[in-house]
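A.B. asks: Sending over a structure as structure tokens; questions will come in a sec.
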Amino acid sequence: MKKKRYGWLFLAFVSFSSGIGLNASACQCAGVPLAESALPDGSAGKETTLAEKQTENKQEPQAEPPQDAAPQEPILPDQKAPEKTNEPVTPEKIAETTPKPDEGIDFPKTWPTDVTTPKPASNRTFESTHFSGAENCSTCHNGLQDNKGEDVSIVHSWSASMMALASRDPFWQAKVESELIRHPQLKSVINEKCTRCHAPMANHESKVQKKDIVFSETGGGILDPANPLFHHARAGVSCTLCHQIKPTAEMGTLAGFSGKYQIETFADKVDRKIYGPYMDPFTGPMMNMVSFTPTGSAHISSSKLCGSCHNLKTPYVDSQGKVIPQKPEDEFPEQMIYSEWEHSAYNDKGAQPTSCQNCHMPATQDVKVSTRPPWLDARSKFSKHIFVGANLFMLTMMKSNQQLLGIGASNDHFDFTLHHAKQKLESAAKLEVLENTRQGTSLKIKLRVNNFSGHKLPSGFPSRRVYLHFKVSDAQGKVLFESGKMGAHGLLEGADADFDAQRVEPHHNEITKPDQVQIYEAIMQDTDKKPTYALLRGAAYAKDNRLLPKGFDKNTASSDIKVHGAAAQDADFTGGSDVITYNLSGMPSSGKLKVEANLMYQTLSYRFAKDLFQDRQSKAVMLFMYLYQQAPAYAYPINQLTQEVP
């Protein structure tokens, strides 16, 4: 529980990924001198926690409120915050008023054997009525090079992507089981909707065969090795799924979102159409070897195709378990990446038209798209099948636990994907200093945060957040001010939600106190307008101040993608950027100061993780909890800057 704050603290509150999430999507305090850090190379550093800081300052712990005390109501955006005062902030005051950490995450001392038992591996050579495993494609579509000699092999590039691992993702599995536990009356909806985009081949074949879709590793569920569709389910989002989605009038509309794509039908197996971007394909080899017919179509290069799964609306229930929305348009906008892009400067008719594929499948030149037949001409444009966003957290976790999770991708595959994911994350945004003013004991630093992504940052599933870690120190290295420091297991010190599930850290235009943290995030609220981290209780967003893409007009945005909370009235929070001012008092009047600002990305917020870990009767939740405890880092750097103040 968060300790009661002193009267001068500003307590304005506003009210909450994979989906797979090609966007920015997992990070930890990494690669920066201020935080516990860890990068894919394994380097790490230790950061002092609040508890340790309190011990160093020899503070007596404050008493917790009595157990029968009335619970505090959440402070939501339309409520007035308590008045702030101008009391100077000194290092001593920082230590004196530091909020007490919550009880933390109670990890088991020992783990059940079934949690640490390796999962069965699957193969990618399966065949079925509609689909074929990726290894069958690799015979001709690996061993490719571009005009620079770079290996652009298709299956190699895809093998350790979040697309390939969509159903192996332990966070996704844990979240699905958690929702099934909390909403058993909606099990058929959960089983269908969650597998439609994470285990799509098993989902489709189950429907064709008129079999129930059951999300389970036992009892004949699609993740049970005894199920004939086990290999389909474990193959994630594979070649013959995406390339068999047919162009329809519904694509790119509500009727085509939320996994409502359509797979081609055929009379003969060899008539199965495999869509590609080239209008003049040589069809014979593929028809003869794998019984698919290559077919050129522009839709395969369209953002509308991606919107089939990356715009997702979900039903929600009230406190009695009653489903409230009766029409698809009234459902909760769980992730609306396509719509965010469509409302930006990057849409097809925008000032800077850039498709999803342009960023997440970057083009190269002069590639023979198949090794057979050897006399094929090179194509002038070829899209690399990299499919990276920002999910370094999950990729690192899965690389470190390949055998336990039954993952067949190699270390080389993971290293390739991690390298490109890190590059993608670090190109997503940039910090710049607009003002650096020091007068007496006052220091004013004005920063602009620029979003270069084609959608909100973070985007996708609402467990993700981007935050600013800001620190001022003197010439001797003594910390004079710090906001956004990461504590144990992903907790952000000073972030209201991390200490109290009924509170939400507000959007800030100005920060004056160390327990004010600028966090760009979407936090859900339920039908009672209380913050929630259970997806099927999410009825609306209490807060959504995620960084907007360039050209995004928040005043004309639809209800599915609108800004929620104080950011809606912040004139400096606009399409492409946000301006935040650190107005600090109580600084030394002389001597150099060092200012460090780090923009960090976190796939899974502390409160979201802690809420999930309540469902310990679930094996999937316990497995993810086991992996989460071992994570080398909980946030990763997007951009950082350092500046000396004379």
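The values are calculated or read from the model by the stated rules, or taken from the named source; none is laboratory data. As the structure is a computational prediction, the values presented were derived from the model and not from experiment. Cβ coordinates were reconstructed from backbone atoms using ideal geometry, including for glycine residues, and neighbour counts include every protein chain displayed. Side chains are part of the model used for accessible areas, which takes the heavy atoms of the whole protein and leaves out ligands, DNA and RNA. Shrake-Rupley method; radii C 1.70, N 1.55, O 1.52, S 1.80 Å.
A.B. asks: Run the simple label-point estimate for ASP114 and HIS419 please: 7 Å along Cα→C-beta, distance reported in nm.
C.D. replies: Going by the 7 Å Cα→Cβ label model, 4.1 nm.
A.B. asks: Order the peptides 419-427, 488-496 from the highest to the lowest mean number of other Cβ atoms within 10 Å of their residues.
C.D. replies: Ranking the peptides 419-427, 488-496 by packing returns 488-496, 419-427.
A.B. asks: Using only the Cα atoms of segment 475-525, what are the Rg and Dmax in Å?
C.D. replies: Rg and Dmax of segment 475-525, Cα atoms, are 12.4, 45 Å.
A.B. asks: Now a separate question. Seen from all sides and averaged, what is the projected area of the convex hull of the Cα atoms in segment 544-646, in nm²?
C.D. replies: Over all viewing directions, segment 544-646 projects a mean Cα-hull area of 10.8 nm².
A.B. asks: Okay, moving on. Can you tell me how much longer the chain between GLN617 and ALA121 gets when fully stretched, taken as 0.36 nm per residue apart minus their C-alpha distance, in nm with one decimal? Write out the running numbers ahead of the final one.
C.D. replies: Working: separation 496, 0.36 × 496 = 178.56 nm, distance 2.43 nm.
Gain on stretching GLN617 to ALA121: 176.1 nm.
A.B. asks: Right, another one. Let me check I've understood the local charge: for ILE245, count other residues with C-beta under 13 angstrom from its C-beta, Lys and Arg +1, Asp and Glu -1. What total comes out?
C.D. replies: Around ILE245, the charge tally is +4.
A.B. asks: Charges at C-beta only: +1 for Lys and Arg, -1 for Asp and Glu. How large is the resulting dipole of segment 407-484 about its Cα centre, in Debye rounded to 20?
C.D. replies: My answer is approximately 360 debye.
A.B. asks: Compute the label zone of GLN403 within segment 119-158: residues whose backbone N is under 17 Å from the point 7 Å along Cα-to-Cβ.
C.D. replies: Once the point is set 7 Å along Cα→Cβ of GLN403, 119-122 turn out to lie under 17 Å by backbone N, inside segment 119-158.
A.B. asks: Could you grab the relative contact order for segment 516-563? Cα pairs under 8 Å, six or more apart, rounded to a whole percent.
C.D. replies: Relative contact order here is 33 percent.
A.B. asks: Separate question: How far apart, in nm, are two points set 7 Å out from the Cα along the Cα-to-Cβ line at LYS444 and at LYS327?
C.D. replies: Placing both labels 7 Å along Cα→Cβ, they lie 5.0 nm apart.
A.B. asks: Please provide three numbers in whole Å: the alpha-carbon extents of segment 417-514 along the principal axes, with the largest listed first.
C.D. replies: 47, 33, 27
A.B. asks: Counting only DSSP beta bridges with both residues in segment 265-366, tell me the antiparallel percent, nearest 5.
C.D. replies: Antiparallel: roughly 55 percent of the beta bridges in segment 265-366.
A.B. asks: Using 0.36 nm per residue, how much length does the chain from VAL208 to GLU644 gain when fully extended, once their Cα-Cα distance is taken away? Write out the running numbers ahead of the final one.
C.D. replies: On the way: separation 436, 0.36 × 436 = 156.96 nm, distance 6.46 nm.
Taking 0.36 nm per residue and subtracting the Cα distance, the gain is 150.5 nm.
A.B. asks: Please compute the contact order of segment 262-409 in relative form: average sequence separation of alpha-carbon pairs under 8 Å and at least six residues apart, divided by the residue count, as a percent.
C.D. replies: So the answer I get is 13 percent.
A.B. asks: What pairs in LYS304/LYS529; LYS119/LYS610; LYS187/LYS210; LYS422/LYS550 have C-alpha atoms more than 27 Å from each other? Spell out each step's value before the answer.
C.D. replies: Working: LYS304/LYS529 33 Å; LYS119/LYS610 25 Å; LYS187/LYS210 17 Å; LYS422/LYS550 22 Å.
The answer is LYS304/LYS529.
A.B. asks: Taking the Cβ-Cβ separation of THR129 and ALA249 as r and a Förster radius of 45 Å, what is the calculated FRET efficiency to the nearest 0.05?
C.D. replies: 0.95
A.B. asks: What does the accessible area per residue of segment 300-349 come to in Å², with a 1.4 Å probe and no ligands, DNA or RNA counted?
C.D. replies: Values: 2060 Å² over 50 residues.
That works out to 41 Å² per residue.
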